[in-house]
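As structure tokens, the structure follows; a few thoughts come after it.
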Amino acid sequence: MDTTKLRKNFKRIISNPNTLTFILAFISIIALYKVYAYMVDNAIKPVTLYYATTELYEGETITNDKVGTVEVSGSFVSAQNGNLLQSAGLIYNKYVNTNYRIPQNSFFFNTAVTKEDAADKTPFTDLKDNFTIFRLNTNFHDSYGSSIMEGDYIDIYVKTRINGKLYYDKFIKSIQVYMVVDNEGYNVFTHTKTGNQLSPAKIYFAVDMDTYKLLEIAQRGSQYTIDLVAVPRDTSYSENPEDPTIVNEGIRDLILSQATSEN
């Protein structure tokens with residue numbers, strides 16, 4: 001093969017302005033197509049994100065049982081300007097930052113999640129083994145005019161109707177209140193909005209996992225409408241409290257029967 005002739009022909013081709021313009025235009029089109037294809041692929045390619053399976057409040061530990069995963073488009077993630085946390089290592093066993101609340105089904109943003117040493121110490125960061133936080137529904141009336149406060153001790157009573165008869169009795173004694181929040185998750189004793197007194201919506205306290213499941217079943221309701229009522233103990237009791245204890249096995253069995261009826 002005459003390489004000299006080939007080189008001459010090649011030089012003559014690329015020296016032709018029309019030919020050179022065509023080649024450059026072709027290369028540009030290929031490059032633009034590859035960039036476009038890359039951008040489209042990234043935009044539609046599914047990305048795994050983490051979300052809160054339950055509402056989380058300041059100082060609360062983010063354990064794996066409170067986190068779920070879902071696939072979203074890459075364009076959604078890009079639109080968040082890097083504020084979304086995409087790594088499990090940045091979420092699991094971290095803490096909700098001070099003055100933040102993570103709603104149920106919300107994604108985790110870097111401003112709302114922090115390491116323990118950056119979060120204010122709260123009772124949520126020092127729970128006993130096998131204990132978790134229960135959120136008891138309440139209101140201004142049931143909280144005795146918003147007189148149940150953090151650090152107080154309460155008993156839990158059950159109120160329901162069985163065969164048309166009203167039933168009301170103590171279920172659990174000696175539970176310490178950790179926090180009282182309004183329906184937006186604000187602490188009713190430390191936060192203010194428009195200068196008005198916040199109305200209690202939930203009372204937070206810690207119980208062991210077995211008791212937590214019982215309270216969840218009762219509060220969810222099914223065969224019976226069961227009201228869980230917080231009754232405050234007096235000040236002298238709060239100074240010398242006992243351990244939380246289920247004092248009525250009959251109520252326990254009633255709640256468990258309700259769980260059985262759901263299956």
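Criterion first (at pLDDT 90 or above, touching a strand residue (DSSP E or B) at 6+ places or on another chain (Cβ under 8 Å), of a type in the set (D, E, K, R) and in the same structural domain as ASP152 (by TED's automatic domain parsing)) does LYS170 satisfy it?
Details: at pLDDT 90 or above: yes; touching a strand residue (DSSP E or B) at 6+ places or on another chain (Cβ under 8 Å): yes; of a type in the set (D, E, K, R): yes; in the same structural domain as ASP152 (by TED's automatic domain parsing): yes.
Considered against the rule, which asks whether it is at pLDDT 90 or above, touching a strand residue (DSSP E or B) at 6+ places or on another chain (Cβ under 8 Å), of a type in the set (D, E, K, R) and in the same structural domain as ASP152 (by TED's automatic domain parsing), LYS170 comes out as yes.
Among the residues of region 176-203, those that are on the phi > 0 side of the Ramachandran plot and modelled with pLDDT under 75 comprise THR194, GLY195.
The values are calculated or read from the model by the stated rules, or taken from the named source; none is laboratory data. Keep in mind the model is a prediction, meaning the values are calculated, not measured. Here Cβ is always computed from backbone atoms with ideal geometry, including for glycine, and neighbour counts include all displayed protein chains.
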